[in-house]
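Everything on this sheet refers to the single structure shown next.
Each value in this text was obtained by applying a stated rule to the coordinates, not by laboratory testing. Please read all numbers here as calculations on a predicted model, not as lab measurements. No Cβ is skipped: glycine too gets one built from the backbone with ideal geometry, and neighbour counts run over all protein chains shown.
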Amino acid sequence: MQLSEGMETMKNLQEAFAGESQANRKYLAFAEKADKEGYLQVARLFRAAAHAETVHALAHLRTMGKVGSTMENLRAAIDGETHEFTRMYPAMIEKAKQEGQDAALKSFSFANSVEVEHASLYQMALDNLHSLEPTDYHVCSVCGYTCAGAAPEVCPVCRSTAAAFTKIA
């Protein structure tokens with residue numbers, strides 16, 4: 001059963017989804033740092049908690065009725081990515097420029113460029129949903145650039161080498 005949009009519970013589910021999603025990413029970053037500092041058991045704990053936060057976030061998302069058919073999900077993903085690169089990130093980029101926040105400007109700019117590619121990849125998948133050929137994807141570990149097929153020799157967004165790419169099978 002999908003909840004009505006006006007219910008306080010829907011607002012609470014949205015807030016809980018956002019919080020759990022952010023906790024997942026934060027704990028994964030903490031785990032990476034703990035690994036680098038040699039605290040392997042603490043890193044494992046952070047990864048375990050991150051996984052649990054994912055379980056919570058997915059349950060909240062499903063409860064909100066936000067997981068539809070693959071076609072619906074692709075359309076929602078295209079809408080979300082398009083919003084990010086047309087409205088959200090441009091405003092953030094401008095504010096970072098105004099405030100002289102170079103690190104934030106770089107982070108926002110990388111993400112903005114990559115969201116365009118994500119929307120394109122989702123659109124291609126939607127357009128070819130019933131005839132998609134198996135392919136690997138590669139993601140740049142510096143900027144998040146995502147591509148189908150082989151990793152480029154040089155990332156078109158951040159100029160990192162092919163070694164910065166992770167294969168996603």
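Kirkwood-type hydrodynamic radius, region 69-132: 12.6 Å, calculated from all non-identical alpha-carbon pairs.
Listing VAL67, VAL114 from fewest to most neighbouring C-beta atoms within 10 Å gives VAL67, VAL114. Here the chain is treated with +1 on each Lys and Arg Cβ and -1 on each Asp and Glu Cβ, and its dipole about the Cα centre works out to around 420 debye.
In the elastic network of the chain, a GNM with C-alpha springs shorter than 10 Å, the most mobile of GLU115, GLU133, GLU72 is GLU133.
Using only alpha carbons, region 87-169 has a radius of gyration to Kirkwood radius ratio (Rg to Rh) of 1.06.
Scanning residues 5 or more positions from PHE165 or on other chains, those with amide H under 5 Å from its amide H are SER141, with H placed 1.01 Å from N in the peptide plane.
Would you look at the GNM of the chain, springs on alpha carbons closer than 10 Å, and say which of ALA57, ALA29, ALA76 moves the most? The residue with the greatest mean-square fluctuation here is ALA29. Listed by chain and number, the lysines placed with their C-alpha closer than 16 angstrom to that of LYS106 are LYS95, LYS97; residues fewer than eight positions away on the same chain are left out.
Loop-located GluC sites (Glu not before Pro) in region 16-49 (DSSP state not H, G, I, E or B) with no more than 15 neighbouring Cβ atoms inside 10 Å: GLU37.
If you bin all the Cα-Cα distances of the chain at 5 Å, starting from zero, the percentages per bin are 1, 8, 10, 13, 18, 20, 16, 9, 3, 1, 0.
Rounded to the nearest Hz, the phi-derived 3J(HN,Hα) couplings of region 8-14 under the Karplus curve 6.51 cos²θ - 1.76 cosθ + 1.60 (θ = phi - 60°) are 4, 4, 4, 4, 5, 5, 4, where x marks glycine and proline.
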